[in-house]
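A short reminder: the numbers here are calculations on the coordinates, not readings from a lab. Owing to the predicted nature of the structure, the values given are computational and were not obtained by experimental measurement. Using ideal geometry, Cβ is built from the backbone for each residue, glycine included, and neighbour counts are taken over all protein chains shown.
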Amino acid sequence: MNLFAELLASSKPQTGPRISNNRRGIEIKSEREIGIMRQSGRIVATVLKEIMGLVKPGMTTGELDAYAEERIRSMGAVPSFKGYHGFTGTICASINNEVVHGIPSKKRVIRDGDLLKVDTGAFYEGYHGDSCVTIGVGSISEEAERLSRVAQESLMQGLSQIKAGRTLLDIAGAVQDHVEANGYAVVEDYTGHGVGRNLHEEPSVFNYRTRDLPNVQLRSGMTLAVEPILNAGAKNCRTLKDHWTVVTQDGSLSAQWEHTVLVTDSGYEILTDRDAV
């Protein structure tokens with residue numbers, strides 16, 4: 001899930017990258033904390049892996065939300081998103097041109113060919129895990145498949161830059177270069193973020209090169225949610241009247257992949273690795 005833009009200045013629950021990236025505010029996790037975050041990440045990974053195998057045309061996003069909540073609670077955790085600044089769901093369920101923060105509903109039917117983004121988090125013993133997947137439902141178009149694949153590749157390109165001593169702009173540049181080389185647009189309104197005792201912590205993890213904030217050097221023990229969002233058309237987005245759901249302005253498809261990762265001296269560890277559950 002993305003950072004809430006200017007949350008303290010506005011009651012409107014949008015997301016965005018505007019926190020300070022003050023190094024003094026970036027938490028370095030202890031071995032005990034990392035151990036707990038491995039568990040919260042594992043819970044998130046388990047739920048998303050199960051949902052990826054469960055989704056089929058005719059289901060509703062509300063059904064997926066109920067499933068996710070039950071599974072998260074059954075593993076001893078609490079849904080991170082439910083009630084967060086008034087959000088009503090355990091998952092964000094965003095379909096096709098919906099970019100982020102789609103509100104799950106018993107009335108929203110998932111159809112063959114949909115590109116479904118499912119984002120969720122789990123709060124376990126005081127620490128959060130956060131991850132997002134993009135799911136092609138049934139038979140999807142070549143365009144949708146390629147967009148999702150490039151989005152996932154861009155995430156992994158960003159992660160490949162993570163190592164103590166590297167910087168946030170190393171991540172951002174790797175993501176941006178891969179996205180643009182494939183003809184897509186990076187959504188600039190939303191970023192990744194630190195994660196731990198709070199769902200959203202410093203630093204902002206940009207997906208494009210910027211001088212807006214200091215270029216923070218990565219340190220072992222940082223835990224980050226890295227989450228590129230790609231549009232097939234232009235980068236511009238708008239928020240619907242529900243004050244949550246964000247859509248592409250031109251109606252083009254959007255895709256997102258996200259992992260919570262631990263920065264190490266030698267590289268990184270994916271804490272929400274679905275292949276490990």
Discussion item. Quick one: 3J(HN,Hα) in Hz for the range 67-79, Karplus 6.51/-1.76/1.60 with θ = phi - 60°, rounded, Gly and Pro as x.
Written reply: 4, 4, 5, 4, 5, 4, 5, 5, 9, x, 10, 10, x
Response to the item:
For the range 148-156, Karplus-derived ³J(HN,Hα) couplings (6.51, -1.76, 1.60; θ = phi - 60°; whole Hz; x for glycine and proline) come out as 5, 4, 5, 4, 5, 4, 5, 4, 5
Fill in: Within a Gaussian network of the chain (alpha carbon springs, distance under 10 Å), most fluctuating of Ser220, Ser154, Ser80
Ser220
Item to complete: Any chance you could check the Cα centroid distance between the range 19-81 and the range 222-277 for me, in angstrom?
Response: 14
Worksheet entry | the chain: calculated mean residue ellipticity at 222 nm from DSSP helix runs of at least 4, using -39500 (n - 2.57) | -8500 deg cm²/dmol
Response to the item:
Under a Gaussian network model of the chain whose springs join Cα atoms within less than 10 Å, the largest fluctuation of Ala93, Ala234, Ala181 belongs to Ala181
Worksheet item: Taking other Cβ within 10 Å of each residue's Cβ, how do Ser254, Ser74, Ser160 sort, fewest first?
Response: Ser74, Ser160, Ser254
Worksheet item: When the chain is treated as a GNM, springs tying every alpha-carbon pair under 10 Å, which of Asp250, Asp119, Asp65 comes out with the largest mean-square fluctuation?
Response: Asp250
Worksheet entry | J(HN,Hα) series, the range 31-46, from Karplus relation 6.51 cos²θ - 1.76 cosθ + 1.60, nearest Hz, glycine and proline x | 4, 5, 5, 4, x, 5, 5, 4, 6, 5, x, 5, 5, 4, 4, 4
Fill in: Loop trypsin sites (Lys or Arg not before Pro), the range 44-116, which have at most 10 other Cβ atoms in a 10 Å radius of their Cβ (DSSP)
Lys107
Item to complete: Treat the count of other C-beta atoms within 10 Å as a stand-in for reagent exposure and order Lys163, Lys235 from fewest to most.
Response: Lys163, Lys235
Fill in: Nearest-0.05 FRET efficiency for Glu142 and Lys163, computed from C-beta distance (R0 35 Å)
0.50
Worksheet item: Lysine pairs in the range 23-276 with alpha-carbon atoms under 27 Å apart, 8 or more places apart or on different chains: how many are there?
Response: 22
